[in-house]
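Read through the structure below, which is laid out as structure tokens, and then see the notes.
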Amino acid sequence: MKTYQNMHILLLKGGNGPEREVSLKTASVCANAIKQLGHRITEIDIANLDISSLSEIKPDLCFNALHGDCGEDGSIQGFLNLLKIPYTHSGVVASAIAMNKVFFKNIVINATKLSRDPIYFPETLEIKNKGKYLEVDYDDTFVVKPIKGGSSVGIKIIRKGEKIQNKDLINKQYLMAEIFVGSIELTVTVLKENPLCVTEIITANEKEFYNYKAKYEKNGSFHKIPANIPKIIYDKAKSWALRAHQIIGCKGISRTDFRYDPKEEKLFMLELNTQPGMTSTSLSPEQASYCGLTINDMIKIILEEANYEC
């Protein structure tokens, strides 16, 4: 969608989920950029809104600054489709697939397994309920995480010999477990079909993974751009990120996370985020800056990709 000066843009933010604060921080940055681009903006926190009233606002397009349930799982996208309001970021199907880590993993594996460069993920483990504990038939370190959700909310690393009580986790039907792989955390942003670069993420506490605290607290992590990895792995991460983006039909922007095992020289894809954060500590704006794009440039591209699907 071509954008013009002084458009009326509806910005959706907030909500009641666990990623509310991240959404509000993203919205603040994006709203400032939208205003600097010369557009009129109406900001709506969906926690305080009867969603059906959106039809009364009559914007030219909607900037989706939501994270997590409703805003990232295809729900708000479907509603905006029915209202025929163009919106940023991915549509219903891509959003729903990416939000469900099991669906995303299975679809990407099946779509690439017969190709010359199949995309690999960590092995999935079966979760079993053993009284007060959840266990898997695996003797080394593994990861337990919610099937749906983002911003590393609810992810736990279970070290070898440790057990974790059921009360610390949501119902096992909404969890998945994977072997903990690699020692290097990587990420790639795709902006309008263009994989920007590869960032290596180093947490301030080496014993922690890239969790919520590491992502959003000041000095919680350090980002190395470009990642200090072999060129063949660097290029593979960019290629895989673009392929996953295209396989599930993403629009505008996405960010794909990886783990790299330098001993085995093997790359693993973890998940794809259709609503990457745009906060002061977020990875996507930082990657754009490395590629010579300002936050305003980035928001302009995202706005130009806005559309609806029916």
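Data for the structure
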| quantity | calculated |
| --- | --- |
| Every residue from the stretch 113-132 that is surrounded by 12 or more Cβ atoms within 10 Å (Cβ to Cβ), part of a strand (DSSP E or B) and touching a helix residue (DSSP H, G or I) at 6+ places or on another chain (Cβ under 7 Å) | I127 |
| Selection from the stretch 266-310 of residues that are over 24 Å from F104 (Cα atoms) and assigned to a loop (DSSP other than H, G, I, E, B) | T279, S280, T281, C291, G292, L293, T294 |
| Candidates L272, L242 - the one that is touching a Pro at 6+ places or on another chain (Cβ under 9 Å) and either closer than 15 Å to V190 by Cα or assigned by TED's automatic domain parsing to the domain that holds A31 (or both) | L242 |
| Which listed residue, of F104, F79, is at negative phi and assigned by TED's automatic domain parsing to the domain that holds T279 | F104 |
| Number of positions in the stretch 203-224 that are surrounded by 16 or more Cβ atoms within 10 Å (Cβ to Cβ) and either farther than 23 Å from L293 by Cα or modelled with pLDDT of 95 or more (or both) | 7 |
| Verdict on Y87 being among the aromatic types (F, W, Y) and more than 27 Å from A177 (Cβ to Cβ) | yes |
| Lone qualifier among R243, R255 - being within 20 Å of F103 (Cα to Cα), not hydrophobic (A, V, I, L, M, F, W, C) and not in a helix (DSSP H, G or I) | R255 |
| Residue list for the stretch 113-141, restricted to those being in contact (Cβ under 8 Å) with a residue 12 or more places away in the chain and of a type in the set (D, E, K, R) | D117, E123, E126, K132, E135, D137, D139, D140 |
| Scope the stretch 12-36; condition among the hydrophobic types (A, V, I, L, M, F, W, C) and touching a strand residue (DSSP E or B) at 6+ places or on another chain (Cβ under 9 Å); matching residues | L12, L24, A27, C30, A31, I34 |
| Odd one out for L125 among (1) at pLDDT below 90; (2) of a type outside the set (V, I, T); (3) in contact with a Phe, Trp or Tyr (Cβ under 7 Å, 6 or more places away or on another chain) | (1) |
| Selection from the stretch 173-194 of residues that are within 14 Å of A237 (Cβ to Cβ) and surrounded by 22 or more Cβ atoms within 10 Å (Cβ to Cβ) | L186, T187, V188, T189, V190 |
| Any hit, the stretch 10-24, residues being among the polar types (S, T, N, Q), more than 29 Å from I147 (Cα to Cα), surrounded by fewer than 21 Cβ atoms within 10 Å (Cβ to Cβ) and not assigned by TED's automatic domain parsing to the domain that holds C250 | no |
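The values are calculated or read from the model by the stated rules, or taken from the named source; none is laboratory data. Quick caveat: nothing in here was measured; it's all calculated off a predicted structure. Every residue, glycine as well, gets a Cβ built from its backbone with ideal geometry; the counts of neighbours run over all protein chains shown.
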